[in-house]
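Q: This is the structure, below, for whatever I ask next.
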Protein chains: 4
Amino acid sequence: MDSPLNNREIASRKRREQVLDAAAACFVERGFHQTGMREIAKRASVSLGNLYNHFPSKHDMLIGLAELELSSVDPFVEMLMRNVRPSVCLREFTRAYFQHCSDHDAAILYLDIAAEAMREPDIAERFLQARSTLAEALTSLLFKGVESKDFGPSIVDTSTADLILDLIEGAAARGSIDASKPDMLMASIEAMVFAALRH
Amino acid sequence: MDSPLNNREIASRKRREQVLDAAAACFVERGFHQTGMREIAKRASVSLGNLYNHFPSKHDMLIGLAELELSSVDPFVEMLMRNVRPSVCLREFTRAYFQHCSDHDAAILYLDIAAEAMREPDIAERFLQARSTLAEALTSLLFKGVESKDFGPSIVDTSTADLILDLIEGAAARGSIDASKPDMLMASIEAMVFAALRH
Amino acid sequence: MDSPLNNREIASRKRREQVLDAAAACFVERGFHQTGMREIAKRASVSLGNLYNHFPSKHDMLIGLAELELSSVDPFVEMLMRNVRPSVCLREFTRAYFQHCSDHDAAILYLDIAAEAMREPDIAERFLQARSTLAEALTSLLFKGVESKDFGPSIVDTSTADLILDLIEGAAARGSIDASKPDMLMASIEAMVFAALRH
Amino acid sequence: MDSPLNNREIASRKRREQVLDAAAACFVERGFHQTGMREIAKRASVSLGNLYNHFPSKHDMLIGLAELELSSVDPFVEMLMRNVRPSVCLREFTRAYFQHCSDHDAAILYLDIAAEAMREPDIAERFLQARSTLAEALTSLLFKGVESKDFGPSIVDTSTADLILDLIEGAAARGSIDASKPDMLMASIEAMVFAALRH
DNA sequence: TATGAATGAGTATTCATTCAT
DNA sequence: TATGAATGAATACTCATTCAT
């Protein structure tokens with residue numbers, strides 16, 4: 001009964017995703033502002049005009065990607081909320097999130113989005129929302145860890161989670177520019193975070 | 001004899017600086033790729049064609065700015081090499097460098113240069129050189145501090161300095177996107193760094 | 001038996017009218033060539049594709065409007081053919097037709113159609129047919145007036161009616177561009193027409 | 001001394017004129033909105049980009065043409081101000097101006113400009129200024145003619161000149177759409193104008 | 001050194017129209 | 001009849017760069 005409607009809707013959604021994937025790939029390769037709509041269309045195997053049936057503008061594609069980025073933190077939020085010993089949980093999170101941020105393509109795209117966010121408020125909005133969701137979950141974990149004596153009490157405040165994230169992301173981003181060994185970097189980060197949190 | 005030549009040389013250097021300042025201002029306002037050469041020329045009160053007497057291309061202007069960025073770390077390197085108690089020195093450096101990185105315009109330009117560095121090796125080179133100069137000086141200080149028992153020995157390795165810089169820079173950059181209070185942020189950074197380094 | 005068909009026919013005719021009204025409104029607001037089919041569809045509350053069930057092309061919409069224009073002269077033709085003293089009849093016609101041509105929206109649309117008529121023969125055809133229908137009726141009236149001694153004989157020829165219409169239309173159109181007072185203009189037109197026709 | 005500067009200036013002016021001529025030709029052929037900048041560039045034997053060194057936008061080209069139109073009335077103004085018997089002067093003017101307005105290309109361009117003037121105030125401004133300059137000169141002549149008893153006094157008021165111009169222009173424009181004989185039309189116009197003005 | 005006209009490929013976006021559903 | 005996704009050529013305009021002066 002409703003299958004023909006759904007079919008069309010599903011097809012349209014697929015196209016949207018297709019286009020967004022192509023856009024992401026292009027932006028990674030050449031940067032947001034260097035990428036032309038033609039490139040995206042070609043890569044998505046979609047006609048140029050049809051791009052605009054799915055996204056009203058190039059800018060909106062970046063918003064789409066920023067929102068994808070936003071939802072990409074969900075698994076990490078879940079990870080932070082599991083009922084596991086906080087120190088164990090933090091260690092696992094740190095590794096997983098660093099690995100996530102170290103992905104070369106993701107890092108490049110992240111930088112481009114961040115750069116655009118400095119001038120476009122609606123990008124900034126999505127960008128920061130993803131961040132604060134994650135920071136809140138991490139803050140909860142840290143306080144739980146202080147309570148359970150996993151972490152020393154002295155330095156944990158509402159900024160700590162943000163700083164840990166800054167550290168992980170910053171290190172991963174830099175690691176993407178120079179080609180330093182991620183494993184060593186990772187071990188150092190872990191050491192630093194836990195050193196800061198110890199009693 | 002050579003004074004007329006010098007005068008000309010001096011004038012030319014001034015022009016170059018003038019142009020670079022204008023370029024920086026434009027890049028901050030609208031981003032590297034959105035800025036046109038005409039804009040820069042107008043802002044520098046220089047004719048469009050004359051721009052090319054000072055920089056062979058737009059790309060070279062960005063290199064010029066990356067090199068300026070490079071030399072902007074000099075005072076911080078000096079600061080790190082003073083003969084002061086390492087913990088005092090580090091505290092002062094942390095504050096000063098964070099403040100430096102928190103400047104809104106500088107942060108925007110920094111992000112743009114970083115984004116460009118991901119795709120342009122000659123930008124990356126300057127960008128990373130500035131970074132490693134600073135990291136080396138900081139590493140020296142940290143080891144000095146370990147020797148003098150200012151810092152606990154356990155976690156200091158060759159990556160530590162980089163991570164501290166990642167933390168400071170990352171936090172400052174994020175602070176520039178959302179408009180969080182830099183003073184509070186700064187206190188938290190200091191706390192975190194020293195917590196990580198304590199015995 | 002044929003009522004369901006008729007219902008459908010009636011509905012279709014209504015849609016057609018709906019679309020034509022929307023097109024007219026759009027053309028008035030933004031001009032024929034600046035108006036997009038999407039705009040018209042939205043304004044007519046009709047889907048884009050469905051537009052083409054009623055008009056095979058945008059061009060045909062303009063033809064439709066030119067034909068509407070054509071039929072809009074019917075009441076004036078009737079007015080000219082009434083059995084009234086020619087001078088009275090002419091005075092009434094002049095006033096009514098000037099008023100009709102002075103309507104701002106109609107004037108804009110009229111100009112657009114005229115401009116298009118210069119390059120599209122099938123528009124020109126409709127455009128001129130409306131005109132000649134009116135001119136013929138007016139010519140009849142003028143000759144009747146000459147016979148009845150309402151008007152002086154000397155200048156009335158087959159072009160006179162056209163010129164009177166040119167005068168009324170031209171003045172009304174110009175009055176629509178600058179915003180001069182139509183009442184004064186109208187009185188002057190009347191004076192001029194009757195001065196030309198007097199003995 | 002100043003010749004090199006002048007040479008460049010002269011060359012630039014020539015180019016501007018060249019471009020404006022090409023634009024006029026294109027607008028006549030295909031209409032303002034159907035003409036693309038590439039067409040104009042090609043016709044003017046100028047590169048596309050260079051067009052924008054001479055006119056900031058397509059719109060400004062139309063303004064340029066409207067201003068040219070404006071200055072094209074100068075000879076007619078002069079004609080109206082000669083020290084000749086008013087009735088003779090008017091007859092000559094009527095003929096000359098009608099001939100001028102009957103030029104097919106000029107008429108087409110005139111219509112396009114008029115249509116654009118309905119939506120663009122800065123076009124309307126130039127358009128109406130040309131008109132009112134002419135109307136003022138004609139008004140002077142008419143009053144002079146009334147004084148000298150060339151014309152009957154009754155109907156001449158401040159609108160009369162405008163109406164005479166409306167008549168001439170309207171008739172010429174219509175004559176350009178249908179292909180009626182201009183000579184006959186011209187004779188009828190003259191008859192009508194003088195009939196209206198006679199004692 | 002300084003100027004700005006000249007170049008033509010490149011930009012994001014819109015267009016009228018078609019067509020599978 | 002009705003829908004709106006799909007098409008790709010066309011739109012006005014901007015770009016970094018060159019070059020004659």
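Q: I'm checking my understanding of the structure. Among residues of the range A:160-181 that are more than 7 Å from every other protein chain (Cβ to nearest Cβ) and outside any helix (DSSP H, G or I), which one is least open to solvent (accessible area, probe 1.4 Å)?
A: A:SER180
Q: How many residues are facing chain A (nearest Cβ under 7 Å) and not in a helix (DSSP H, G or I) when one looks only at the range B:104-138?
A: 2
Q: Further question: Go over the candidates C:LEU185, C:LEU141 one by one and state the one that is crowded, with 17+ Cβ neighbours inside 10 Å, of a type in the set (A, V, I, L, M, F, W, C), facing chain D (nearest Cβ under 10 Å) and assigned to a helix (DSSP H, G or I).
A: C:LEU185
Q: Scanning the range C:10-24 for residues that are within 12 Å of DNA strand F (Cβ to nearest atom) and among the charged types (D, E, K, R), which turns out nearest to the other protein chains (Cβ to nearest Cβ)?
A: Filtering the range C:10-24 for residues that are within 12 Å of DNA strand F (Cβ to nearest atom) and among the charged types (D, E, K, R), the one nearest to the other protein chains (Cβ to nearest Cβ) comes out as C:ARG15.
Q: Hey, can you tell me all the residues within the range A:4-35 that are surrounded by 15 or more Cβ atoms within 10 Å (Cβ to Cβ) and over 24 Å from A:LEU111 (Cα atoms)?
A: Answer for the range A:4-35, where residues must be surrounded by 15 or more Cβ atoms within 10 Å (Cβ to Cβ) and over 24 Å from A:LEU111 (Cα atoms): just A:ARG15.
Q: Tell me, please, whether a residue that is in contact with a Pro (Cβ under 6 Å, 6 or more places away or on another chain), in a helix (DSSP H, G or I) and small (Gly, Ala, Ser) can be found in the range C:78-95.
A: no
Q: Within the range C:143-155, does at least one residue satisfy the condition of being at pLDDT below 90 and small (Gly, Ala, Ser)?
A: Within the range C:143-155, one or more residues are at pLDDT below 90 and small (Gly, Ala, Ser).
Q: Does any residue in the range A:142-155 that is within 15 Å of A:LEU80 (Cβ to Cβ) come within less than 7 Å, Cβ to Cβ, of a residue that is among the aromatic types (Phe, Trp, Tyr) and open to solvent by less than 90 Å² (accessible area, probe 1.4 Å) six or more places away or on a different chain, and which pairs are these?
A: Final answer for the pair search is A:LEU142/A:PHE151; A:GLY145/A:PHE151.
Q: Let me ask another. Could you please give the count of residues in the range A:29-44 that are under 18 Å from B:GLN34 (Cα atoms) and either within 12 Å of DNA strand F (Cβ to nearest atom) or touching a residue at least 60 places away in the same chain (Cβ under 8 Å) (or both)?
A: Residues that pass the stated criteria total 6.
Q: For B:THR139, are the conditions met, namely being among the β-branched types (Val, Ile, Thr) and farther than 17 Å from A:MET192 by Cβ?
A: Against the criterion (among the β-branched types (Val, Ile, Thr) and farther than 17 Å from A:MET192 by Cβ), B:THR139 does not qualify.
Q: Outside the structural domain of A:GLU190 (by TED's automatic domain parsing) and either touching a residue at least 60 places away in the same chain (Cβ under 8 Å) or within 16 Å of DNA strand E (Cβ to nearest atom) (or both), is that true of A:ASP60?
A: Answer is yes for this residue.
Q: Still on this structure, I have one more. It is to be established whether one or more residues within the range A:101-108 are in contact with a Pro (Cβ under 8 Å, 6 or more places away or on another chain) and either open to solvent by less than 20 Å² (accessible area, probe 1.4 Å) or at pLDDT below 95 (or both).
A: yes
Q: Collect the residues in the range C:48-100 that are open to solvent by 50 Å² or more (accessible area, probe 1.4 Å), among the hydroxyl-bearing types (Ser, Thr, Tyr) and modelled with pLDDT under 95, keeping them in residue-number order.
A: C:SER71
Q: Return the total of residues in the range C:144-159 being within 21 Å of C:ALA191 (Cβ to Cβ) and facing chain D (nearest Cβ under 9 Å).
A: So the answer is 4.
Q: Across the range D:23-43, which residue is farthest from D:ILE113 (Cα to Cα) among those that are aliphatic (A, V, I, L, M) and more than 23 Å from the chain's Cα centre (by Cα)?
A: Of everything passing the filter in the range D:23-43, D:ALA41 is farthest from D:ILE113 (Cα to Cα).
Q: Oh, and also: Whether any residue in the range C:50-72 is within 26 Å of C:ALA191 (Cα to Cα) and not in a helix (DSSP H, G or I) is what I want to check.
A: no
Q: I'd like the residue in the range C:188-198 that is more than 7 Å from every other protein chain (Cβ to nearest Cβ) and at pLDDT 90 or above and, out of all such residues, is farthest from C:PHE98 (Cα to Cα).
A: C:LEU197
Q: Yes or no: the range B:32-46 includes at least one residue that is within 13 Å of another protein chain (Cβ to nearest Cβ) and more than 27 Å from B:ALA179 (Cα to Cα).
A: yes
Q: Continuing with the same structure: Is it the case that the range B:36-46 has a residue that's modelled with pLDDT under 95 and either in a helix (DSSP H, G or I) or crowded, with 19+ Cβ neighbours inside 10 Å (or both)?
A: no
The values are calculated or read from the model by the stated rules, or taken from the named source; none is laboratory data. This one's a predicted model, so the numbers in the text were calculated from it and none came from an experiment. All Cβ positions, even for glycine, are placed from backbone atoms using ideal geometry, and neighbour counts span all protein chains on display. The protein model used for the area step is the full one, side chains on, heavy atoms only, and it has no ligands, DNA or RNA in it. Shrake-Rupley method; radii C 1.70, N 1.55, O 1.52, S 1.80 Å.
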